[in-house]
Each structure stands twice: as C-alpha cells, then as structure tokens.
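A short worksheet on the structure shown next.
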Amino acid sequence: EMEPHERAFQERVDAGQKIEPKEWMPEGYRKTLVRQISQHAHSEIVGQLPEGNWISRAPTLERKAILLAKVQDEAGHGLYLYCAAETLGISRDQMYEQLHSGKAKYSSIFNYPTLTWADIGAIGWLVDGAAIMNQVPLQRCSYGPYARAMVRICKEESFHQRQGFDILMKMVKGTPAQKAMVQDALNRWWWPSLMMFGPSDDASVHSAQSMAWKIKQNSNDELRQKFVDQTVPQAKYLGLTVPDPDLKWNEEKGGHDFGEPDWEEFFNVIAGNGPCNAERLDARRQAWDDGVWFRDGLTAHAERAADRRAA
Ligand code: 3HC
C-alpha cells in the first residue's frame, strides 16, 4: 500500500508531469536515477577512448576533423549528464570515485577494441544507432533534468550515426580489401551492439520499476527488436551479411526473428572482464592523476580569490 505522498507522486508521473530536483520523490526513484544517469555519463566519457585511438590515424584530414568533433561531443554529453546527476545530490568526485574504483558500470560496448578504421564507421552506425534508439525515449523520462539533457544529446547523436554510415558507404565502394574490412567490423560489432540494450526482459532487474516511474519507456527487448528491424535493411544496402544465421523476416510478427546474444559474454563484460575493461579504467585513472595539478591550481585560485574578497 502506498503512502499518501508516494501515491501523489505516482499520480504526477502517470499524468506525464516532469519531476524537478527540489520536489519530493521516493528515495528509490532518486537512487535509480543516480545509478542510471551517472552510468550513462561514465559511458560517454569512457566511450571517447576507443574512438580516440583513431584520431591520429584517420585516413584524411576531413575524417580526422569529423572524428575529433564527435569525440568532443561525447565529452560534452558526459559533462551534461554528470550535471543532471548532481541535481540528485551526488557529487562529481563521488561519481568519479565510483567509476575509478570499478564500483560503477559504463556501457558494455566500450570494452571492445577498435582494430581498424572500419570500426570507427561501425561504432557511428551501430553503437550511436543503438544509443539513439535508447536515448530518444529518454527525452520523455519523468525526471526533468535527464529528459532535457537528452533533447540536445539526441540531436548530436544523429550526426554521429550519419558520419559513421558515411565512412562505411565509402569503404564498401572501395577495394575488395576495404569491403572485407567493413564486413569484419560488422562481424565484431553486431552482437555487442545488441547487448547494449541490456539483458533480456526476464533478466532485467530494474525494468518493471523503471517503467512504472516512466524512467524507462520501452523494455530492453522492445528497443533491441526495433534496432534490428531498422539496421538489417541498412546492412543490406551496404551489401553486408549480418553475422546471425537465425536472422530472418517474420511476416506475421512484422519484424525479424534473430538469435540470442551470448549473455555469458555480456555478464562477463559488465562484471569487468571484457577485452578492454582494465585498459579503459587505467586510462581514466591515469587521466585523473594527470589532472591533479590543474584541479589543485583551480582550488588554490578559488581560495585566494575568497581570501581577497574576505580581506
Ligand atoms: N552495459 C553495462 N551495464 C549494463 C548494460 C550495458 N549495456 N545493460 C544493462 N546493464 C546493467 C544495468 O546497469 C544493471 O546493473 P546495475 O544495477 O549495477 O546498474 C544490470 O545490468 C541490469 O540491467 P537492467 O536492464 O535491469 O538495468 P536498467 O533498467 O538500468 O537498463 C539500460 C539498462 C537500458 C542501459 C539503462 O540503464 C539505460 O537506458 N541507461 C541510459 C542509456 C545508456 O547508458 N546508454 C548507453 C550509452 S552509450 C552512449 O551514450 C555513448 C554513445 O553516444 C556513443
């Protein structure tokens, strides 16, 4: 049985109202938003690493400039989302500590290596494509600051996806070796992209409550299905083969049937044992250590300015 103010809260959520930082909210609502928004922000920050690997290796100056812009966008998305999480009472330092200590998760997809330039195209096309699928509904999330952050982020993600697809369109029209490089990238990124949407609905511990609170609008499997149905025709357009022997159009379902992702791999990766987890966290810890002098300078300056004002 709900307490009176919990029922009033739920009625507001059911009515599609936005909950703002200073308003009453159930402790569980606040905690699940801190968890999801901070992990979303970590994903954006860690997500710069696989792509950053190719900024100095891009095949042309134009591709370098585009990739640089995309990586800078991701940094901005991360800072935007850390700000949204801070409105719920957690500090930036606490969130960084949770990432660096391995306590906090970030999207599984960023624990895979970027072996060729075609991977950069596959990340834009598939990873940003999946991110858009997941983030568009988040614009209708019941928590105001998160929903508003998503509006701007979704606009920039569309550019990220287009530039990735453009890379692959160029390569599939290139030499047979370039086309084979694209097929190899699809083979390695297809299944990890499906896993981005989270475990299957029956294994999703948060979905029911997150959907009741209108944090999550659609279930993990629903968005995964939408992603497959949208992406398979694009793979065909590129002349690629999707690496799933069970993939086939199901007329009465009006969608594709497809195989099961390797959930053992997924839970391994999110437990910290993916191909690049250690490397990614080391890079973030190193960046934190390298930035001590800068943070100390900022705080020393702020203290001296405060002393001058007080004098
Ligand atoms: N990677 C890592 N952990 C994942 C995951 C994934 N792909 N999918 C699920 N999990 C974790 C959940 O965090 C949860 O663990 P926790 O309790 O320790 O947090 C557990 O697996 C159970 O999963 P649930 O489905 O029950 O959890 P959620 O209801 O939180 O759903 C989610 C998972 C769909 C990822 C949801 O958290 C979400 O929508 N998050 C915000 C969007 C997001 O983070 N997208 C990936 C960003 S990639 C990106 O933005 C960069 C792009 O611009 C390139």
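The values are calculated or read from the model by the stated rules, or taken from the named source; none is laboratory data. Computed from a predicted structure; not experimentally measured. Positions of Cβ are backbone-derived with ideal geometry, glycine not excepted, and every protein chain shown enters the neighbour counts. In case anyone asks, the SASA skips ligands and DNA or RNA and just uses the protein heavy atoms, side chains included. Shrake-Rupley method; radii C 1.70, N 1.55, O 1.52, S 1.80 Å.
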(request) Determine the share of region 1-93's accessible area contributed by carbon and sulfur atoms, expressed in whole percent, with a 1.4 angstrom probe. (result) 55 percent
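Let a ≥ b ≥ c be the square roots of the eigenvalues of the Cα gyration tensor of the chain; is it rounded (a/c under 1.5), or, if not, prolate (a/b larger than b/c) or oblate?
It is oblate, given that a/c is not under 1.5 and a/b is not larger than b/c.
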(message) If DNA, RNA and ligands are ignored and the probe is 1.4 Å, what is the ranking of Asp166, Asp93 by accessible area, most exposed first?
(response) Asp93, Asp166
(request) Pull up the cross-link candidates among the lysines for Lys105, meaning alpha carbon to alpha carbon under 23 Å and not fewer than 8 places away within one chain. (result) Lys31, Lys70, Lys214, Lys216
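Pop out the carbon and sulfur fraction of the accessible area of region 165-240 as a percent, whole number, probe 1.4 Å. Can you show the working numbers first?
Values: 2040 of 3420 Å².
On region 165-240, the fraction of accessible area on carbon and sulfur atoms equals 60 percent.
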(request) Could you tell me which helices of the chain pass both thresholds, a Cα extent of 24 Å or more along their own axis and a mean Kyte-Doolittle hydropathy of at least -0.5, with helices taken as whole DSSP H runs? (result) 61-86, 144-172, 176-195
(message) Which of Asp296, Asp246, Asp257 ends up with the largest GNM mean-square fluctuation for the chain, with Cα atoms connected below 10 Å?
(response) Asp296
(request) Specify whether the C-alpha gyration tensor of region 211-310 places it in the rounded, prolate or oblate class, a ≥ b ≥ c being the square roots of the eigenvalues: rounded for a/c under 1.5, otherwise prolate if a/b is larger than b/c and oblate if not. (result) prolate
(request) Please list the non-local residues whose amide H lies under 5 Å from the amide H of Ile19, H modeled 1.01 Å from N, same-chain partners needing a gap of 5 or more. (result) Tyr143, Gly144
(request) Report the accessible area of Met196, computed with a 1.4 Å probe over the heavy atoms of all protein chains in place, in Å² rounded to the nearest 10. (result) 40 Å²
(message) Ordering His42, His206 by accessible area with a probe of 1.4 Å, largest first, what comes out?
(response) His206, His42
(request) Heavy atoms only, probe 1.4 angstrom, no DNA, RNA or ligands counted: give me Glu251, Glu157, Glu279 ranked by accessible area, highest first. (result) Glu251, Glu279, Glu157
(request) Could you tally the net charge around Met211, taking each other residue with its Cβ under 13 Å from the Cβ of Met211, Lys/Arg +1 and Asp/Glu -1? (result) -1
(message) I want to check the label-to-label distance for Asp296 and Lys170. Put each point 7 Å from Cα in the C-beta direction and report it in nm to one decimal.
(response) 4.4 nm
(message) Looking at the chain as a GNM with Cα springs under 10 Å, which of Ile153, Ile37, Ile19 has the largest mean-square fluctuation?
(response) Ile19
(request) With all protein chains present, calculate the accessible area of Thr299 using a 1.4 Å probe and round the result to the nearest 10 Å². (result) 80 Å²
(request) Using a/c under 1.5 as the rounded threshold, could you call region 1-76 rounded, prolate or oblate? The axes a ≥ b ≥ c are square roots of the C-alpha gyration tensor eigenvalues, and prolate needs a/b larger than b/c, oblate otherwise. (result) prolate
(message) Using alpha carbons only, how many angstrom separate the centre of region 104-159 from the centre of region 1-37?
(response) 25 Å
(message) With a 1.4 Å probe and all protein chains kept in place, how much accessible area does Thr60 have, in Å² rounded to the nearest 10?
(response) 70 Å²
(request) Give the residues of region 1-41 whose amide nitrogen is closer than 17 Å to a point set 7 Å from the Cα of Val151 in the direction of its Cβ. (result) 16-21
